[in-house]
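What follows is a short report on a single structure.
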Amino acid sequence: MASRTQLLILSLGRRFSQQVKGSVLAVQDYVLLTVRGLAALVTPPRYQRELVTQMDSIGVQSLSIVVLTGMFTGMVLALQSAASLDAFGARPYVGRLVCISMVRELGPVLTALMVTGRVGSGMAAELGSMVVTQQIDALRVLGSDPVRKLVAPRLGAALIMVPLLTVISDTVGIFGGSLISIFNLKLSWEFYWRSVGNAMVINDLVMGFLKPLVFGLILSSVGCYMGLNTSGGTQGVGLSTTRSVVVASVTILSSDFFITKLLLILFPVV
Amino acid sequence: MRETIRAILGLTPRPAPAPPEPPPGPQDPDEPVISFRDVHLSFDRPILQGVSFDLAPGTTKVILGGSGSGKTTILRLILGLLKPDAGSIHVDGADVGHMVEEDLRPVRLKLGMVFQEGALFDSLTVGENVGYRLVEDGNVSEADIEARVREMLGFVGLETFYGRMPSELSGGQRRRVAFARALVARPQIMLYDEPTTGLDPITSTTITDLIVKVRDLDGVTSILVTHQLRDAFNVARTFMARENGQFLPKVVEDLSTLEGTEFMMLRQGVVEFKGTPHELKTSEDPYLREFLS
């Protein structure tokens, strides 16, 4: 009886250690892929055409969802904050609150999540399909480095386009807040925008630009990693797609906390 | 599980460094262009166990075997897409089993590969697919690339398909485009991975005729991996003969007179048989008899 328990414990221990080893190896592969992708961005040969194609896919084609998300977030933020600020007679500060919330948090995070859902999953699906149909093998046989050809342009495009989309989302969100403030909360246009202008400090801009850079890197590298890690045919492609969205979203949200914490230490709010 | 990504990153397990050997120089014409010596490979289970064979220049090796017997793995090892756990693999004198990804490029330039389903790039046109390797080389003019691509598409009978997308092609047409893509850089060795699987008999014959054409007209050394016995014997017994100024496929009925083609049968990663088509056909081995029946 004792030996059976020992065997069970041994088996569980072995399985656990395999899981841990697998996870460590996965993190190692992910980091290596990302580093190689970033290095390929700055060393020749570069695939400019692929970079432009990816910038179009990640940036231009995501514009509509980012604008809609930003606009409605700003409008909801104005409505919600007004309800709370009214309790203190602080309705005139709606513009300040909408601006800080959009630039520091909601703009970068929501944009990154929307782009992850639209583009990160697409990257995983596209690269996953290439793996299962042997197109990645064909690339290697025909003399291309898949990291240079496929990963680097996606990382580069995300690093350029996610911050740009975030700026657009922030702007549209603050504009959406102004519409609610003027037509619903009966604040003056001038007062709202002056409040926005007064609220914005250099720390906000640093935070607002740094976060989307990191988020862009996360969503593209996770999408590429999951895609290239696909196995098991079309079912595997579906699984990689789902995983890429889940892992990238959770990583974006958790890294948001640590970036915020770090930036608040480096650039304290006065 | 992580085979592709680890291979791309060069993280596939590698055996101990190979003993130093002289750099590949001009090859002896009688020296094998591909040589396997006691190659072992395992993933979750043994895939190849002690596989050894040689491939002489200008000859054809047909690798037969059931699903999961390790046929395709041999091609992937030759291309350097996988590394063996033990043993050595030489391609035209280069030890591909011990080379890093960057050094494999010149070896791969000597090889042409036709993948099982074609593995055409979905986002590129047929013309771009065929000319891909020449574009990647970077030292061929656009006009020369287009001329070569059109020549290759003409060779496989798809000259009017230049601007079409792979999604518009049938299974047989995809294989023929893959054929043209593999041949565009004039490789010395052609590798065919189940090129006729899933095709009707007429289209299969078109593909096997192409294999014969490349072998007989260009003198290309080839390895054909298949489980289709009919196609394997078609390749072995067909040759191109000149008739009224045209090259046409002719069939040799007497298997015992065939030269230049060797059959190799794999069974669960082990070489079960090596010999001529005639020796295979007349073998008394129960497994071979069952496979041939």
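The values are calculated or read from the model by the stated rules, or taken from the named source; none is laboratory data. All values reported here derive from a predicted model rather than from experimental measurement. Every residue, glycine as well, gets a Cβ built from its backbone with ideal geometry; the counts of neighbours run over all protein chains shown.
Take residues that are acidic (Asp, Glu) and closer than 19 Å to B:Val114 by Cβ and tell me which of the strands (runs of 3 or more DSSP E) falling wholly in segment B:160-274 contain 3 or more. Walk me through how you get there before you give the answer.
Numbers: elements: B:189-193, B:221-225, B:238-243, B:246-251, B:261-267.
It comes to none.
Just a yes or no: is a residue in segment B:224-233 over 27 Å from B:Ser35 (Cβ atoms), of a type outside the set (Lys, Arg) and either buried (at least 17 other Cβ atoms within 10 Å of the Cβ) or modelled with pLDDT of 85 or more (or both)? Checking segment B:224-233: not a single residue is over 27 Å from B:Ser35 (Cβ atoms), of a type outside the set (Lys, Arg) and either buried (at least 17 other Cβ atoms within 10 Å of the Cβ) or modelled with pLDDT of 85 or more (or both).
When you go through A:Ser244, A:Ser195, A:Ser249 one by one, which is the residue that is of a type in the set (S, T, N, Q) and more than 30 Å from A:Leu150 (Cα to Cα)? Write out each step before concluding.
On the way: A:Ser244 fails: more than 30 Å from A:Leu150 (Cα to Cα); A:Ser249 fails: more than 30 Å from A:Leu150 (Cα to Cα).
When all the criteria are applied, what remains is A:Ser195.
Filtering segment B:229-249 for residues that are in contact with a Gly (Cβ under 8 Å, 6 or more places away or on another chain) and closer than 30 Å to B:Arg105 by Cα leaves an empty set. When we screen B:Val135, B:Val126, B:Val177, B:Val156 for residues that are in contact (Cβ under 8 Å) with a residue 40 or more places away in the chain, β-branched (Val, Ile, Thr) and within 13 Å of another protein chain (Cβ to nearest Cβ), the only hit is B:Val177. May I ask you to verify whether A:Gly95 is within 30 Å of A:Ser240 (Cα to Cα) and in a helix (DSSP H, G or I)? No. Screening A:Leu25 on (1) more than 11 Å from chain B (Cβ to nearest Cβ); (2) more than 12 Å from A:Ala152 (Cα to Cα); (3) without any contact (Cβ under 8 Å) to a residue 12 or more places away in the chain; (4) hydrophobic (A, V, I, L, M, F, W, C) shows it passes everything except condition (1). Just to be sure, is A:Leu159 more than 22 Å from A:Leu97 (Cα to Cα) and within 14 Å of the chain's Cα centre (by Cα)? Judged against the criteria, A:Leu159 is a match.
Can you work out which of the residues in segment A:243-263 that are in contact (Cβ under 8 Å) with a residue 40 or more places away in the chain and polar (S, T, N, Q) is nearest to the other protein chains (Cβ to nearest Cβ)? Looking at residues that are in contact (Cβ under 8 Å) with a residue 40 or more places away in the chain and polar (S, T, N, Q), I get A:Ser244.
Return the residue satisfying two criteria in turn: it lies in segment A:102-121 and is small (Gly, Ala, Ser) and buried (at least 20 other Cβ atoms within 10 Å of the Cβ), and of such residues it is nearest to A:Asp56 (Cα to Cα). Break it down stepwise before answering.
Kept after step one, since they are small (Gly, Ala, Ser), are these residues of segment A:102-121: A:107, A:112, A:117, A:120-121.
Within this subset, residues satisfying the condition of being buried (at least 20 other Cβ atoms within 10 Å of the Cβ) are A:107, A:112, A:120-121.
On the way: A:Gly107: 20, A:Ala112: 16, A:Gly120: 14, A:Ser121: 16 Å.
Filtering segment A:102-121 for residues that are small (Gly, Ala, Ser) and buried (at least 20 other Cβ atoms within 10 Å of the Cβ), the one nearest to A:Asp56 (Cα to Cα) comes out as A:Gly120.
State yes or no: is B:Thr276 in contact with a helix residue (DSSP H, G or I) (Cβ under 8 Å, 6 or more places away or on another chain) and surrounded by 12 or more Cβ atoms within 10 Å (Cβ to Cβ)? The answer is yes for B:Thr276. Would it be correct to say that B:Val114 is within 11 Å of chain A (Cβ to nearest Cβ) and either aliphatic (A, V, I, L, M) or more than 18 Å from the chain's Cα centre (by Cα) (or both)? In short, yes. Looking at segment B:17-33, is at least one residue away from chain A (no Cβ under 14 Å), modelled with pLDDT of 90 or more and closer than 24 Å to B:Gly260 by Cβ? Yes, that holds for at least one residue.
In the condition set (1) on the phi > 0 side of the Ramachandran plot; (2) surrounded by 15 or more Cβ atoms within 10 Å (Cβ to Cβ); (3) at pLDDT 95 or above, B:Ile74 is compliant with all but (1).
Applying the selection to segment B:242-273, what residues are acidic (Asp, Glu) and surrounded by 14 or more Cβ atoms within 10 Å (Cβ to Cβ)?
Here is the first cut: in segment B:242-273, the residues acidic (Asp, Glu) are B:243, B:253-254, B:259, B:262, B:272.
Scanning segment B:242-273 gives B:Glu262, B:Glu272.
Just one of A:Thr260, A:Thr241 is within 18 Å of A:Pro108 (Cα to Cα), assigned to a helix (DSSP H, G or I) and among the β-branched types (Val, Ile, Thr); which is it?
Numbers: A:Thr241 fails: within 18 Å of A:Pro108 (Cα to Cα).
Residue meeting the stated conditions: A:Thr260.
Could you check how many residues of segment A:137-165 are touching a residue at least 12 places away in the same chain (Cβ under 8 Å) and within 10 Å of chain B (Cβ to nearest Cβ)?
Let us first name the residues in segment A:137-165 that are touching a residue at least 12 places away in the same chain (Cβ under 8 Å), namely A:145-165.
Remaining after also requiring within 10 Å of chain B (Cβ to nearest Cβ): A:145-147, A:149-151.
Of the residues in that region, 6 qualify.
Quick check, is A:Val119 under 12 Å from the mean Cα position of the chain (by Cα), more than 8 Å from chain B (Cβ to nearest Cβ), within 24 Å of A:Gly232 (Cα to Cα) and not basic (Lys, Arg)?
Details: under 12 Å from the mean Cα position of the chain (by Cα): yes; more than 8 Å from chain B (Cβ to nearest Cβ): yes; within 24 Å of A:Gly232 (Cα to Cα): yes; not basic (Lys, Arg): yes.
Criteria met by A:Val119.
Any residue at all in segment A:125-136 that's within 12 Å of chain B (Cβ to nearest Cβ) and farther than 19 Å from A:Ser244 by Cβ? Looking for residues that are within 12 Å of chain B (Cβ to nearest Cβ) and farther than 19 Å from A:Ser244 by Cβ, one finds at least one in segment A:125-136, hence yes. Hey, B:Val177 hits all of (1) modelled with pLDDT under 95; (2) buried (at least 21 other Cβ atoms within 10 Å of the Cβ) but one; which does it fall short on? The failed condition is (1). Taking first residues from segment A:29-45 that are more than 11 Å from chain B (Cβ to nearest Cβ) and partners that are outside any helix (DSSP H, G or I), the Cβ contacts under 8 Å between residues at least 6 apart in sequence or on separate chains come to A:Ala40/A:Arg46; A:Ala40/A:Asp145.
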